[in-house]
Amino acid sequence: MTTNQLSLFEVDISVPVQLFRIEYTLVEQGGLPFVPEFLLRLLKVSAFPPADIARFFGLTPKEVSTALLPFLQQGELALAADGRVALTDKGLRLFAGDGETPIVKGRKEYRKSFAFDLLAYSFVEHKKQRLESPRCSVVLSSDPSARAESVAGAERAFQHNLFKIYRSGELCGQTDEMQAPELYKVSEVRKERDGYIRFAEAYGLDSETMTFGFIGHAGLTEEDVYITQRSVQLAELVGRCNIETVAAFADGIGDQHTLDLLSAGALDLSRAAQASIATFRAGQAEVEPIYGALQLTRNWDRVERLLSKYAKRKASEDSTEPVSLTWLAPAAHGLWGKCSRHSQALGAFVGSATFKASGQEKSVFNPRLLIPLADQHDDKARRRAFNECKEAESVLHGFVESDALSALEVISLVDSFAIVIYHLVLPDVHPVPVPFGFITEDKRMVRRIEAAVEDKLAEYTEGNVPRYLGALSRNESPQRRRG
């Protein structure tokens, strides 16, 4: 990534792969043992009687006979009428390209495992790119027929990718020849197991050209198939345009900086690229702009500094009651948490609940991670939350999603700080959400944000069901627990 590219959203893409055990035979070129090699090199210079050959190498007549016999049987040497041994035309072909060293061909059997993706049957160097779990990622789907006929597809792909496999060192352990060994036959192809390979994709802004796009794409070799599938899956998960929802919440809490960025009816690229510190009018709350997803390293470092700062401050107080720490997840799209950094962030969030001071751990925060559900019966979303948020499963809470909160991701510590990230969805412009927002320690602003969120959570939804559903259980929905 170059310095003029600002990453805004990261998403891990998982590609379905199958590992196959393949038995095959190669026709390989190789050198000869020392004596046979120099025997042939001598005879290339001139024909000699066996007795002269024996004297030249210091061998017995029997040893010379043993060395000559294989070449005589294969027609590469012949015994002339005058008793001399000479190379035949077939024997001369051992010196390919008028070389000085004879090269022979031989068949060698191998049994090795090879991985191919199920999108385009690209060869996957699984020693470099290990098979992984698709957890916390966008999973690309393969054609059902590709799975049903994967053994035949793998055999074709093995033969088609033979040179690439050879150059990887996985075919026969060598890569020094410019041309792969000849494939004599494939004896058996057997599927061993299924898996996935992951690609971390970053979507961002080029501050020079002021254009958005995926940065440093590193997908499959068959790029067109990969990009097409990626586009299909992202389109299903990105959600609907929500610029009005973002603007409405910003207006409700007095977030003028965000309203300015959206004044043109879309995210103002010039303002977003140039603003590192917001400029405020008199009386406006103090906020520090933040661009990109919270889980990005540069942003999460700022989150951890805040958590550490207030944990240390709380640990030094006499109060023994932990303070409520809330992380509200967005509902505007299905891509939240679909990256490897997500697990690390969750672990840090839960781990911040205790602070070690004077050799003793003190409970300073009472964390909760609020997960949006379609309704109180949404077991699918609940199970997904426990699968993708394992590091925070002890603090998972549910709420029935609200349009007013759908674009929001908020981390707040009561009466201390708030981090607001708007997940702007413009599917006709961006294939993924464009997160941006601010950090504030202005207590007035923090209270406005907390009040706006808590007022919505305190509502009752259809059927007189409270929007806030409380702690989630792995095995049952909130509604059944109440019953």
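The values are calculated or read from the model by the stated rules, or taken from the named source; none is laboratory data. For clarity, every value in this text was computed on a predicted model and none was experimentally measured. Note that each Cβ is placed from the backbone with ideal geometry, even for glycine, and that neighbours are counted across all protein chains shown. Just so you know, the surface numbers come from the protein's heavy atoms only, side chains and all, with ligands and any DNA or RNA stripped out. Shrake-Rupley method; radii C 1.70, N 1.55, O 1.52, S 1.80 Å.
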Item to check | Pairwise label distance in nanometres, residue 414 with residue 93, each label 7 Å out on the Cα-Cβ vector | outcome: 8.9 nm
Checklist outcome for this item: residue 251 and residue 210 label points (each 7 Å along its Cα→Cβ direction) are spaced in nm at 2.6 nm
Checklist entry - If you count the DSSP beta bridges with both ends in region 334-439, what percent of them are antiparallel, to the nearest 5? => result 75 percent
Checklist entry - Given the Cα-Cα distance of residue 4 and residue 184 and 0.36 nm per residue of separation, how much length would full extension add, in nm? => result 59.6 nm
Next on the checklist: Helix 223-237 against the longest principal axis of the chain: what's the angle in degrees, Cα atoms only, rounded to the nearest 10?
Outcome noted: 20 degrees
Checklist entry - Residues of region 138-157 with amide nitrogen under 16 Å from the 7 Å Cα-to-Cβ point of residue 192? => result 151, 154-155
Checklist entry - Rounded to the nearest 500 deg cm²/dmol, what is the calculated helix-only ellipticity per residue at 222 nm for the chain, with -39500 (n - 2.57) per DSSP H run of length n ≥ 4? => result -9500 deg cm²/dmol
Checklist entry - residue 319 label point, 7 Å along Cα→Cβ, cut-off 15 Å on backbone N: hits in region 351-380? => result 363-367
Checklist outcome for this item: Around residue 76 (Cβ within 9 Å, Cβ-to-Cβ, excluding residue 76; K/R +1, D/E -1) the net charge comes to +2
Next on the checklist: Output the 0 to 90 degree angle, nearest 10, between the alpha-carbon long axis of helix 34-45 and the longest principal axis computed from the alpha carbons of the chain.
Outcome noted: 60 degrees
Checklist entry - When the accessible area of region 411-483 is split by element with a 1.4 Å probe, what percent falls to carbon and sulfur? => result 46 percent
Checklist outcome for this item: Other residues with Cβ under 10 Å from the Cβ of residue 461 give, with Lys and Arg +1 and Asp and Glu -1, a net charge of -3
Checklist entry - Angle between the Cα long axis of helix 61-73 and the longest principal axis of the chain, 0 to 90 degrees, nearest 10? => result 70 degrees
Checklist entry - Under 30 Å Cα-Cα from residue 309, which lysines qualify once same-chain neighbours fewer than 8 residues away are excluded? => result 338, 356, 362, 390, 443, 456
Item to check | Of 62/108; 127/191; 90/164, those spanning more than 26 Å from alpha-carbon to alpha-carbon | outcome: 62/108; 90/164
Next on the checklist: Multiplying the sequence separation of residue 259 and residue 454 by 0.36 nm and subtracting their Cα-Cα distance, what value in nm do you get?
Outcome noted: 68.0 nm
Checklist outcome for this item: Rounded to the nearest whole number, the per residue volume of the convex hull around the C-alpha atoms of the chain in Å³ is 236 Å³
Checklist entry - For the residue pair residue 174 and residue 160, what label-to-label distance in nm results when each label sits 7 Å from Cα along the Cα-to-beta-carbon direction? => result 2.8 nm
Checklist entry - How high is the FRET efficiency from residue 393 to residue 305, r the C-beta distance, R0 22 Å, rounded to 0.05? => result 0.30
Checklist entry - Using the per-residue mean of other Cβ atoms lying within 10 Å as a proxy for protection, in what order, highest first, do the peptides 110-116, 227-233 fall? => result 110-116, 227-233
Item to check | Share, in percent, of DSSP beta bridges within the chain that are antiparallel, nearest 5 | outcome: 85 percent
